[in-house]
Structures are given as structure tokens and as C-alpha cells.
Amino acid sequence: DQYLEPSTVETVSQYACQRRTTMENHNQIFTDAFAILAENAEFNESEGPCLAFMRAASLLKSLPHAISSSKDLEGLPCLGDQTKAVIEDILEYGQCSKVQDVLCDDRYQTIKLFTSVFGVGLKTAEKWYRKGFHSLEEVQADNAIHFTKMQKAGFLYYDDISAAVCKAEAQAIGQIVEETVRLIAPDAIVTLTGGFRRGKECGHDVDFLITTPEMGKEVWLLNRLINRLQNQGILLYYDIVESTFDKTRLPCRKFEAMDHFQKCFAIIKLKKELAAGRVQKDWKAIRVDFVAPPVDNFAFALLGWTGSRQFERDLRRFARHERKMLLDNHALYDKTKKYLKKKTTNNYLALNDVCSDLSEWHYKG
Ligand code: 8DG
Ligand code: MN
Ligand code: MN
């Protein structure tokens, strides 16, 4: 044995974008636990712990084997005392008491239920919880609450849009979108993005990037698409958010900051096959997001909207700390080149300059 080469244990990167992550998760028992703890921390606005649990989950998803003893954790980044304690509990007892406590917690259960309604964020969910409500029926029966247009749609199509969207449904929506966009601009670019671009089997919505090869022509695309979907009678809800893009602005340093592209949050009616003899509606409401970036931002918009959230967060962190660059959904900036103070489009690095780097980033999981 002494003549063997020293074991070449590959070090695991602290950055999700430097870890090859497949759809195969060997550590789901742990990552499910972390997802619940992260969600609970989010509901309690504990940003630090929330991020720590999400990072730990992302790391475990990238491992090519299942964790079977605490020895397997040696040398791994992104795991603190808290997260290690959770893993050790699960290894020893098959579950973690902290997770069980969260699952039984009245506030967690209720906030989770309320935020599952399209258009309901944490603040609104808390307001309803403080009123003493525990069910969607109670909330809907309160005449004093003024619901937004989005929330009304959220309640109306609750059963459909809280059910997962499968790959076949995403593809069917993709076909409708593609065909409709072609009627408006035959050379338009329509790209499926989000979780389905990462190869996921199901998701909570379907995300699309749409643009035109000619700069500036994309500005009418989204409105015309919405018009046509409406005329086809399949648009159940839409909310167009106009572009707020200002080229003089610095890139957003915070991942959570929204990008400035024109976008649309929609609900589309998808026809479905009915099981014989069943009396039920012959369609399903599907949540769809459209983003319409100008073509010169397209590559960065695509990178940004592909996700996962943790991957995007780490990609920005990697760019900043390891490359002294700033990345957002619009561009990649080189901090060392003092481009930032200029207002011209020269601030933006051409995609060609960076695609060798981009190809090394693994975006799955
Ligand atoms: P899912 O729908 O299957 O649940 O997962 P997903 O496709 O990964 O999540 P998503 O919520 O649909 O968002 C897709 C990616 O887009 C995600 O990694 C974050 C990114 N993203 C932005 N800007 C915005 C934004 O303004 N809202 C949302 N929801 N996502 C955004 O870059
Ligand atoms: Mn999505
Ligand atoms: Mn989305």
C-alpha cells in the first residue's frame, strides 16, 4: 500500500458554478430537510441561516455519492455546525427533530399555505396570519381584504397552478408560444429557460426568453404576443412589466435585484386529454413567464434566467471574488479595466470575450 500514489481526493468547490451537478440527487433525504429549514428561515426573515441551508443543499446535490457517515463530510465546504448537526441527526435517527418541529409549526404551515397563492408574498401572508386566519377559505371569506388582480387569479386557478407543471406540458406551451411568436416575427428567437432548460422533469411555471435579431424590434413583441394569445382565448391572466432599462446604471450588486427587461407574468389555458367518461374541465391553467431582452443582452439574460437561484448567486460571487468582474442579467463587467464609470456601451464586454469562461460553468441543478 505504501507504494500507492497519495489519494487524489478532488476538492469540492464552494461555488455551485464550479461543481458539476446532475439531476441525480444522492442525498435527497438531507436536501429535503435543508429546503424546509431554509424556507422556515426565509419566513422568519433570517437571511443568514436561510442562505446557509440553501448552500448546504446545493453542495450535497453535487456529490456523486450518498453521505453515509459524518466521516464523508470531512473536507467539504459550505457546511457549518448547524448544517452538520442536521445531517448527523438524520444519519443517526433517520430524521431531524428541528425539521419535524418546523413541519408541525403553526406559523410555518400557514405562511407556506398563504404564499403558495400566486401574487401573495411574505408580507401579505403575515398580515393574514396575524388576523388569525389558517385556511384559504377563511381569507377569501373576509370582505375587508382587498385582493390584487394577481391574487384574484391566484385563488381562481389555485388548484391548477399549485400542481406541478410536467415536461410535456412545458413543451406543449412552448409550441403554442413559438407558433404564435412566428406569426408576429418569423425570425424571432424563442427560448425555453428556467428549470426546464436545466433538464428538470417538473416545475412551478414555464419560463421563456423572446427577442428579435434586430435591436429595438423586440419592444413590440411581448404586447403583440399577449394580444394574439388573448384572441386565441387562452390567456387567463397577464401582467406586463415595462422595461426600466437604463444603460447608465451600474450592474446590480445584489442577486435578488430584478433585471430591467420588459417581462410578463401570465397564466395560460392549456387543453388536455380527458380520461374517457370523466366529467371535468378539459384544460389546465399554467403559469408562464416571458422576458423580452434586447438581443445584445440576450446571452446574459439567458444565463440569468436559467437558474438555479443558488447557481446564479454563486456565479455572481465567483465573478466578483475570483475574476474581479461584475455579472448581472444584462452584462459582464471587468472591474479591473475601469470601464464602470463610462456611460457608453463599451462598458459591456462582448460575449466572445467571455464565452470561453462561460463554457466552464456548469449550470445544472
Ligand atoms: P421552477 O419554476 O421549476 O420552480 O424553478 P425555476 O425555473 O428555476 O425558477 P423560476 O422562479 O421560474 O426562475 C427562473 C430563474 O430566473 C431563477 O433562477 C431566477 C431567475 N430570475 C431572474 N430574475 C427573476 C425575477 O425577476 N423573478 C423570478 N421569479 N426569477 C428571476 O434572473
Ligand atoms: Mn421556472
Ligand atoms: Mn419563473
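Where a number appears in this text, it was derived from the coordinates with a stated rule and is not lab data. Note that this is a predicted model, so its numbers are computed, not measured. Note that we place each Cβ from the backbone using ideal geometry, even for glycine, and neighbour counts take in every protein chain shown.
State, to one decimal in nm², a quarter of the convex hull surface area for the C-alpha atoms of the range 26-74, i.e. the direction-averaged projected area. Write out the running numbers ahead of the final one.
Working: hull surface 13.1 nm².
Taking the Cα atoms of the range 26-74, their convex hull projects to 3.3 nm² on average.
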Review point. Could you put CYS202, CYS104 in order, starting from the residue whose Cβ has the fewest other Cβ atoms within 10 Å?
Key: CYS104, CYS202
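Specify the longest stretch of the chain that does not include any exposed loop site, a site being one of the trypsin sites (Lys or Arg not before Pro) with a non-H, G, I, E, B DSSP assignment and at most 15 other Cβ atoms within 10 Å.
Values: sites that count: ARG20, LYS131, LYS247, ARG249, ARG253, LYS254, LYS272, ARG278, LYS281, LYS324, LYS338, LYS341, LYS342, LYS343.
The reported range is 132-246.
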Check your understanding: Using the count of nearby Cβ atoms within 10 Å as a rough guide to exposure, how do TYR15, TYR108 rank from fewest to most?
Key -> TYR108, TYR15
Review point. Cross-link partners among aspartates and glutamates for LYS127, C-alpha distance below 17 Å, same-chain residues fewer than 8 apart left out?
Key: GLU42, GLU45, ASP106, GLU137, GLU138, ASP142
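Taking every pair of Cα atoms in the range 122-248, average 1/r, invert it to obtain the Kirkwood radius, and report Rg/Rh to two decimals.
Details: Rg = 18.1 Å, Rh = 17.4 Å.
A ratio of 1.04.
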Practice item. Enter the mean projected area of the convex hull around the alpha-carbon atoms of the chain, in nm², rounded to one decimal. Key: 24.4 nm²
Point to revise | Rel. contact order, % - alpha carbon contacts under 8 angstrom, at least six apart, the range 117-261 | key: 18 percent
